[in-house]
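Chemist: This is the structure I have questions about; it appears just below.
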Amino acid sequence: MDGRRTGRRWNWRPGYGLLVLPALLLALLLFVGPIGAVVRFSLFDPDFTLKNFDKFLAAPIYGRIILNTLTVAAIVTGLSALIGYPAAYVINRLTGPWKTLAVLLVVLPLWTSVLIRSYSWSVLLGAEGIVNTLQQALGLGDAPWKLLYRSETVFVAMTQILMPIMILTCLSAMGRIDGDLVRAARVFGAGPLRAFWRVFFPLSIGGLVNGTLLIFILSVGFFITPALVGGPKDILIANLIEQQINQLVNWGFGSALAVIVLVITLVAVGLMKLLNRDRYLDVAR
């Protein structure tokens, strides 16, 4: 049967390729084209050169910024997983209007821009913000607490901003799990914890892995939140790229930094996929 799956193979007619052509051209235009331009800026000035990458390797500060970026991304991803997966599990157990309300509360922050949500942390935690005003009113200290421009604030703010993505990704995987499988495990003598760990968790791990990948990739590219609530030591690679291109108009070095970040992200994502494909991703499918 043309265009239908038979066994594990597809019988494909050439005409069906025309249906994919518009999406392929759009991907080339919106993704491959800009990435190619960035690579070109990093390697040609106007002739072929590696001076931009040599500049990166010659100054240890850039390597430390890369390491700091990966550290922040890993911490935010870990916090999102530790909080987001249990939250998604609780929402998945809800029924009726309570579940609808819970999902709405998760989705609602996504309707607000990242800039506004990041700036709201400045309003909340500033020296004259809501938290310090309440602290002064309760007499908990003589001076305002220094809550802004700290690494811990960057972790909390980025986790709060990215958390809905983790919850929705995990919730999507959990919603496809047949509840009869868990009930069958209970019937055959498994306790609640054992039934969850041996049946439910392996089937939902695909959503957790995909959510982890999304959060990690987005965290590596964050620059608004660290710029607003972080201190000088919290500069990430995206902040450095923005500085090089928008402030110093150094397109060559900024593009080289972008290429390095792209390669590191692809390697990290590839390793994560490789480590999880054998068991968890196949089970989730």
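Chemist: Quick one: would you say residue 238 is at pLDDT below 90, on the phi < 0 side of the Ramachandran plot, open to solvent by less than 20 Å² (accessible area, probe 1.4 Å) and of a type in the set (A, V, I, L, M)?
Modeler: For residue 238, the condition - at pLDDT below 90, on the phi < 0 side of the Ramachandran plot, open to solvent by less than 20 Å² (accessible area, probe 1.4 Å) and of a type in the set (A, V, I, L, M) - is met.
Chemist: Select from segment 94-113 the residues that are aliphatic (A, V, I, L, M), open to solvent by less than 50 Å² (accessible area, probe 1.4 Å) and in contact (Cβ under 8 Å) with a residue 40 or more places away in the chain and list them in ascending order. Outline the logic, then answer.
Modeler: Of the residues in segment 94-113, the ones aliphatic (A, V, I, L, M) are 94, 101-108, 110.
Next, from what is left, pick out any that are open to solvent by less than 50 Å² (accessible area, probe 1.4 Å): 102-103, 106-107.
Within segment 94-113, 103, 106, 107 meet the criteria.
Chemist: Within segment 52-81, which residues are open to solvent by 40 Å² or more (accessible area, probe 1.4 Å) and farther than 19 Å from residue 222 by Cβ?
Modeler: Once the filter is applied, which keeps residues that are open to solvent by 40 Å² or more (accessible area, probe 1.4 Å) and farther than 19 Å from residue 222 by Cβ, segment 52-81 yields 53, 54, 55, 57, 58, 60, 61.
Chemist: Applying the selection to segment 35-51, what residues are part of a helix (DSSP H, G or I), under 20 Å from residue 249 (Cβ atoms) and open to solvent by 60 Å² or more (accessible area, probe 1.4 Å)?
Modeler: 40, 41, 51 - these are the residues of segment 35-51 that are part of a helix (DSSP H, G or I), under 20 Å from residue 249 (Cβ atoms) and open to solvent by 60 Å² or more (accessible area, probe 1.4 Å).
Chemist: Related question: Specify the residue that is farthest from residue 105 (Cα to Cα); the eligible residues are those in segment 132-173 that are exposed (fewer than 14 other Cβ atoms within 10 Å of the Cβ) and of a type outside the set (Gly, Ala, Ser).
Modeler: Of all residues in segment 132-173, those exposed (fewer than 14 other Cβ atoms within 10 Å of the Cβ) come to 133-134, 137-143, 146, 152.
Retained after the next criterion (residues that are of a type outside the set (Gly, Ala, Ser)): 133-134, 138, 140, 142, 146, 152.
Details: 133: 27, 134: 26, 138: 30, 140: 32, 142: 37, 146: 30, 152: 25 Å.
The selected residue is 142.
Chemist: Can you pull out the residues in segment 118-155 that are in a helix (DSSP H, G or I), under 30 Å from residue 81 (Cβ atoms) and free of Cβ contacts under 8 Å to residues at least 60 places away in the same chain?
Modeler: 120, 123, 124, 130, 131, 152
Chemist: Against the condition touching a residue at least 24 places away in the same chain (Cβ under 8 Å), more than 25 Å from residue 76 (Cα to Cα) and of a type in the set (Val, Ile, Thr), how does residue 264 come out, does it pass?
Modeler: Answer is no for this residue.
Chemist: Using the structure shown, decide if residue 79 is closer than 27 Å to residue 233 by Cβ, under 17 Å from the mean Cα position of the chain (by Cα) and touching a residue at least 40 places away in the same chain (Cβ under 8 Å).
Modeler: yes
Chemist: Tell me the residue from 217, 224 that is open to solvent by 20 Å² or more (accessible area, probe 1.4 Å) and without any contact (Cβ under 8 Å) to a residue 60 or more places away in the chain, please.
Modeler: 217
The values are calculated or read from the model by the stated rules, or taken from the named source; none is laboratory data. Remember, it's a predicted structure, so these values are computed and weren't measured experimentally. Quick reminder, even Gly has a Cβ in these numbers, built from the backbone with ideal geometry, and neighbours come from all protein chains shown. Surface areas here come from the heavy atoms of the whole protein model, side chains and all, with no ligands, DNA or RNA. Shrake-Rupley method; radii C 1.70, N 1.55, O 1.52, S 1.80 Å.
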